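Visitor: Shown below is the structure under consideration.
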Amino acid sequence: MKIYARLILAATLSFSFAASASADLPVPHIGYVYPAGGKQGTVIEVTLGGRKLDDVANVYFSGEGVQAEILEITKPLTQRRVEELREKAQDLRKKLKDADSLKELTEIEKALAISRYKQSNPSLGEGIVLKVKIAANAAPGLRELRIATAAGLSNPMAFQIGQLTEYARPEAQRSGEFLTSTLPEPARKALKDRKLVEGVSSETSITLPAVVNGQVMPSESDCYRFHAKRGQQIVVAADVRDLIPYLADAVPGWFQAVVSICDADGNELAYADHYRFDPDPVLCYKIPKDGQYVMKIRDALYRGREDFVYRVAVGELPFVTSAFPLGGAVDTTTAVELKGWNLTTKRLDVDAKGLEPGVIPLTSDKKVRFFNRIPFSIDALPEVIEKEPNDEAAKSQTVTTPVIVNGRIDSRGDWDAYKFAGKKGGKIVIEVDARKLDSPLDSIVRLTDSSGKLLAMNDDFGDKETGMITHHADSYISVTLPEDGDYYAFVGDAQRNGGPEYAYRLRISEPAPDFALRVTPSGINVPPGGSASFVVYVLRKDGFSGSVDVILKESPKGYKISGGVIPAGADKATLTLSAPRIAGETALVGLSLANEPEKKTSEEKSGDAKTKSGKENEDVLLPTVKTTVGNIRIQGEATVEGKKVVRPAVPAEDMMQAFIYHHLVAEKNLLVAVPQRGARLPAMKRQGESPLKFAPGETAIAVFSFPAKATLNSLQFELREGPLGMSLQDVAVNEGKLTIRLRTDASKIKAGLKGNLIIEIFAERSPTLDKEKKSANVKRISLGTLPAVPYEVVESEKQEAKK
């Protein structure tokens, strides 16, 4: 909830509202990375597209073995420069004399075309070109790439480290192909007729196995020609949504890739536009004869733009199509049956000794690394394997609760039945884990009593932990049993599909209340000496409804969380993180600096870097960026059934899909950045730690202290988050004390509400004349927030007296 009650604190404490002011949002945002990966031991050029990318100071990669150098920063042309180029182009067209003038006209028209495209896509309009060096021993897999400017840290983007040979088509805005895909048809024809563009072949020859990188532009297909031999089992696996999970301004909300294999003459032999429930297609094709073949990729709706980025692996890749069982018990070794293409083994022994309950990836056997990652669930409950036949109550498999049953829907229309004993008044949970473990099963569960009476049924149950899944097809039931006796749980597929890959894990047990946490954003930009807000979501399980304390477990020195409680029953809370007034150098844990400074000599760095023991650390590299970046770790603590439960807060990005849907997509690292650009506020601290209590209709007062010598110039305050019916009343400053009074509407606020008040601070930039637009442009600059103020709405004395 956002409550826009704005007050301006001036030197004389006069109050008024700013007119025609727009909030300044300086934080950089990356819209795409191309190519979105590279092979171990190579050096490649990588382009980033987005907004607010100027003044970039550093590039960060999670993990080790990847470094980058900034080669070029590009921005859209100003309107004045566009007019100048148009005039020059007109003059050149009138008097084309030689090859030099023709070449100059070509470059101008290309620049104008790119500028028009960038202006129509401001979120992708700016660019950075990097030289990325990938070490030969860099661990393969997914990394996070971010940039830091003087204004703060960007969002993370995916960057894959691979082991196969890689091919990358020219970046869209740098190729002649860009013109042919963005200009109107008459302009395209004119340019081609005058030979002002170099045509870029839409077909690239490759040698298998390989990874191909590209960007799909409107109405285009990218083609890759390769030679293959009879009997080869070729796998074509598109990687799209791992790179950019969601597009906010496109339907269905992502680049929907289509891949196909054609013969040398272009005749289609095989086709895929998805892989089971995953929108990213996977195609498996057995080559019928020696010869040339072509792999094609396009968007299903023939859309395209720069952020339609893909990586497609092609070759005899070891690809697992099914695994059974999908999990095992802690401290045991589970034999997993594998099926797939180009596998060297049909069995994998998974050792879960010493592991905690959770999900781990199965990535390889002893001989070869699987191309795809297979999730494997580990649990502390007893486990059994399904025994056929059990497709009806009379043939049901008897199990003792609590239990996890590993089963599968073997054929179309199959049902699996399980009988268990229950007590009157006992609570029971029946849950299927399948889709979240990459099984194509769209489960449906039914619970009946011994007479066959249906007590509960469920098809789909939403799970916010799985941010990449848009069809939540797993099932969940929680019921109170009506009497002593036998009960039957049935599992089937809602689409009446089946097969060896339709595996599941069925939990039948009493409720096990628990929770998980997600933190957004995964990079928190905090002004020095100030505070910034972030959101913690609590994902409640099996009826857990208690409060959760949010703790800053690990951070650079001087950071503090305010408002660190998610109230009972709430699904999220907005908290604030405060940074020290003067940010010191912060060790970067799990990050690679793009442009690390050279190591200092012992004499140069004397007294620079100290370890915790106070001794000099000869190997520390101090970052020279204007924005200080470091890792933090947050956890949640709660009392569940009398026991203390601690869970990590997983960093995530709140991503929008197709203009409306929101998903919490998990990331690897939770980072804090202290931008070194902009105004500075004195460190503000709330007086008192207990929640601010007030009754409906009463005035609530929050008091903050700051250094007495500091002065507060003209500032604006907004109550950004609080209960409906609350607004700012007035603000006062007196000798190092800031007092904020908030009025409450008794008709809208009800007793019992709990949460945090988030008050944002703005400075207003003086109006300046925009010479091109010939108008005044007033900008409001966010200076962060005050520390979060926990609140509790209590009953008034009159209400208490009535009781």
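Residues checked against (1) under 23 Å from the mean Cα position of the chain (by Cα); (2) closer than 19 Å to Pro651 by Cα; (3) crowded, with 20+ Cβ neighbours inside 10 Å:
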site: Asn525; (1), (2), (3): yes, yes, yes
site: Val538; (1), (2), (3): yes, yes, yes
site: Val550; (1), (2), (3): yes, yes, yes
site: Lys557; (1), (2), (3): no, no, no
site: Ile561; (1), (2), (3): yes, yes, yes
site: Ala568; (1), (2), (3): no, no, no
site: Ser578; (1), (2), (3): no, yes, yes
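Visitor: Is it the case that the range 223-236 has a residue that's assigned to a loop (DSSP other than H, G, I, E, B) and crowded, with 22+ Cβ neighbours inside 10 Å?
Guide: Within the range 223-236, none of the residues are assigned to a loop (DSSP other than H, G, I, E, B) and crowded, with 22+ Cβ neighbours inside 10 Å.
Visitor: Look through Leu362, Leu326, Leu343 and report the one residue that is over 30 Å from the mean Cα position of the chain (by Cα), under 25 Å from Asp239 (Cα atoms) and in contact (Cβ under 8 Å) with a residue 24 or more places away in the chain.
Guide: On inspection, the qualifying residue turns out to be Leu343.
Visitor: (1) open to solvent by less than 20 Å² (accessible area, probe 1.4 Å); (2) of a type in the set (A, V, I, L, M, F, W, C); (3) in a loop (DSSP other than H, G, I, E, B): which one isn't true of Val251, the others all being true?
Guide: It is condition (1) that Val251 fails.
Visitor: Test of understanding: among Lys709, Lys737, Lys771, Lys802, which residue is at pLDDT 85 or above, open to solvent by 40 Å² or more (accessible area, probe 1.4 Å) and charged (D, E, K, R)?
Guide: Lys737
Visitor: Also, I was wondering about something else. Which number in (1) open to solvent by less than 40 Å² (accessible area, probe 1.4 Å); (2) closer than 27 Å to Val519 by Cα marks the one condition that Val703 misses?
Guide: Of (1) open to solvent by less than 40 Å² (accessible area, probe 1.4 Å); (2) closer than 27 Å to Val519 by Cα, only one is false for Val703: (2).
Visitor: Val258 - would you say it is touching a strand residue (DSSP E or B) at 6+ places or on another chain (Cβ under 6 Å) and more than 25 Å from Ile660 (Cβ to Cβ)?
Guide: In short, no.
Visitor: Evaluate the following for Ile287: is it farther than 30 Å from Val350 by Cα, crowded, with 21+ Cβ neighbours inside 10 Å and either hydrophobic (A, V, I, L, M, F, W, C) or at pLDDT 95 or above (or both)?
Guide: So Ile287 does not fit the description; no.
Visitor: Can you tell me which residues in the range 718-746 are out of contact with any Pro (no Cβ under 8 Å at 6 or more places or on another chain) and assigned to a loop (DSSP other than H, G, I, E, B)?
Guide: Passing the criteria: Gly722, Pro723, Leu724, Asn734, Glu735.
Visitor: Taking strands (runs of 3 or more DSSP E) that fall entirely within the range 27-102, which contain at least 1 residues that are open to solvent by 50 Å² or more (accessible area, probe 1.4 Å)?
Guide: 29-34, 37-39, 43-51, 66-74
Visitor: Only one of Arg298, Arg305 is basic (Lys, Arg) and either open to solvent by less than 30 Å² (accessible area, probe 1.4 Å) or in a loop (DSSP other than H, G, I, E, B) (or both). Can you tell me which?
Guide: Arg305
Visitor: Which residues, counting only those in the range 332-363, are of a type in the set (Ser, Thr, Tyr), open to solvent by 50 Å² or more (accessible area, probe 1.4 Å) and either touching a strand residue (DSSP E or B) at 6+ places or on another chain (Cβ under 6 Å) or in a strand (DSSP E or B) (or both)?
Guide: Thr333
Visitor: Could you count how many residues in the range 461-495 are closer than 17 Å to Val432 by Cβ, at pLDDT 95 or above and of a type in the set (D, E, K, R)?
Guide: Within the range 461-495, residues that are closer than 17 Å to Val432 by Cβ, at pLDDT 95 or above and of a type in the set (D, E, K, R) number 2.
Visitor: Name every residue in the range 625-641 that is surrounded by fewer than 21 Cβ atoms within 10 Å (Cβ to Cβ), modelled with pLDDT under 95 and assigned to a strand (DSSP E or B), in order of residue number.
Guide: Once the filter is applied, which keeps residues that are surrounded by fewer than 21 Cβ atoms within 10 Å (Cβ to Cβ), modelled with pLDDT under 95 and assigned to a strand (DSSP E or B), the range 625-641 yields only Asn631.
Visitor: Hey, Ala456 hits all of (1) part of a loop (DSSP other than H, G, I, E, B); (2) surrounded by fewer than 18 Cβ atoms within 10 Å (Cβ to Cβ) but one; which does it fall short on?
Guide: Among (1) part of a loop (DSSP other than H, G, I, E, B); (2) surrounded by fewer than 18 Cβ atoms within 10 Å (Cβ to Cβ), Ala456 violates only (1).
Visitor: Please verify whether the range 239-254 includes one or more residues that are within 18 Å of Gly467 (Cα to Cα), modelled with pLDDT of 95 or more and among the hydroxyl-bearing types (Ser, Thr, Tyr).
Guide: yes
Visitor: Within the group Lys644, Lys572, Lys615, which residue is at pLDDT 95 or above and loosely packed, with under 14 Cβ neighbours inside 10 Å?
Guide: Lys644
The values are calculated or read from the model by the stated rules, or taken from the named source; none is laboratory data. Computed from a predicted structure; not experimentally measured. In this analysis, Cβ positions are derived from the backbone assuming ideal geometry, glycine residues included, and neighbour counts consider all displayed protein chains. Remember, those area values only see protein heavy atoms, side chains included, never the ligands or the DNA or RNA. Shrake-Rupley method; radii C 1.70, N 1.55, O 1.52, S 1.80 Å.
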